[in-house]
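Below: one structure, written as structure tokens.
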Amino acid sequence: MRYFLELCLKSVHAAIEAIEAEIIVVDNNSEDDSCSMVKQLFPDVKLIENKDNFGFSKGNNIGVAHAKGEYLCILNPDIVVAEDTFAKLLAFCEGKKGMGAVGCKLINGMGEFLPESKRNIPYVKAAFKKLFGDPSQYYSNLHEDNTGEIDVLVGAFMFLKKDVYNTVGGLDEDYFMYGEDIDLSYKILKAGYKNYYCGDVVAIHYKGESTLRDKHYARRFYGAMQIFYKKHFKRNLLFDMFVSFGIRTVYFFRKVQREKKKSVFQYVLISNTHYENLDKVLPKILVQKNKIDNFEIETEVILDANFLNHKEIISIMHKYSGSKNGLIKYYQKR
């Protein structure tokens, strides 16, 4: 996570250059050198080092308590934003009555859209169908490139006023991991605010939502749903029984689809600088260009963040998402 955090902080720094803002990093007792990296490379960042892993909700609530600004952006450490991300969201929020929280279009490290960016309230029927591989009622039908009202945003990226966050009580600390963003989104709606999704604001979320084929994730997710239903709806014993049975049996009916590793014939570096270290570590020929003319078969494209800005990199990754010819990687500034 240290690598992604560094990438995230560099992108956020670039995005707040013309904005009066602060960056707060809450570390939940991580075991890598993330804290030392933040202190060394980002001395202006307010670093909060927790002695225990308090979970997503409590960790963020601690960070919000230290925040001084009018607006907040709850951000996962594996997110990369464009230089104009926050300026566009501030412009979108200003003057809107009943503004709750707003989210953006998230893509994964392959440039593919992440549907958890915009979701519906997970009523029991939708949760049942998602458990067995049909998420059609779980995700919002708003087109991924459009902007409009939605019910539920993803906790990896939530932009809202601090007053709204505090009014609804922030993130519920009964949730340790998963479900807290659904709960917060629902509390915002219940308080009379509106949640929005902006399809023209794009950010990279490297990890993305875990799969229900992961038994540990499935157990945590549906455990979170049980907390959500108990808190906001009538207790549903049938749902409890179904989830308990479903988590134990669903893996026998769903085959794990393993992605085939793509072969790479050549590497293409999009840059104006030659890096000798790349020549040494890459097993195949490295070709250098200053733009992508076309996406050749069995090619891995490396985007140099010293040459391209974050918005350009996000745009290229999004444009070539789903390409069957090759891969795109991000070469981080050093």
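The table below lists the values:
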{"read-out": "Cα gyration tensor, region 266-331 - rounded (a/c under 1.5), prolate or oblate", "value": "oblate"}
{"read-out": "Environment charge at VAL25 (Cβ cut-off 12 Å; Lys +1, Arg +1, Asp -1, Glu -1)", "value": "-2"}
{"read-out": "Distance (nanometres) between label positions extended 7 Å along Cα→Cβ at GLU17 and MET37", "value": "2.3 nm"}
{"read-out": "Net length gained if the chain between LYS162 and ILE297 were fully extended (0.36 nm per residue, minus Cα distance)", "value": "43.8 nm"}
{"read-out": "Rounded FRET efficiency, nearest 0.05, which uses the C-beta distance separating GLU49 from GLU312 and R0 of 22 Å", "value": "0.05"}
{"read-out": "Shape box of region 2-253 [Cα atoms, principal axes, largest first, Å]", "value": "51, 43, 36"}
{"read-out": "Chain lengthening between VAL264 and LYS88 when straightened (0.36 nm per residue, less Cα-Cα)", "value": "59.6 nm"}
{"read-out": "Cβ charges +1 (Lys, Arg) and -1 (Asp, Glu), total dipole of region 47-162, debye", "value": "480 debye"}
{"read-out": "ASP174, ASP163, ASP27, ASP44 arranged by Cβ crowding within 10 Å, fewest neighbours leading", "value": "ASP44, ASP163, ASP174, ASP27"}
{"read-out": "Exposure proxy ranking, count of Cβ atoms within 10 Å, fewest first, for PHE4, PHE233, PHE221", "value": "PHE233, PHE4, PHE221"}
{"read-out": "Extension gain (nm, one decimal) between GLU112 and VAL287, 0.36 nm per residue minus Cα-Cα", "value": "60.5 nm"}
{"read-out": "5 angstrom amide H check on VAL201, placed H, neighbours 5+ away", "value": "LYS105"}
{"read-out": "Percent of alpha-carbon pairs separated by more than 23 Å within region 10-117", "value": "35 percent"}
{"read-out": "LYS39, LYS130, LYS118 arranged by Cβ crowding within 10 Å, fewest neighbours leading", "value": "LYS39, LYS130, LYS118"}
{"read-out": "Distance from region 70-123 to region 33-62 (C-alpha centre basis), Å", "value": "22 Å"}
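Every number here is computed from the coordinates shown, using simple stated rules; none is lab data. Since the model is a prediction, treat every value here as computed from it, not as a measurement. Glycine also receives a Cβ, built like all others from the backbone with ideal geometry; neighbour counts cover every protein chain displayed.
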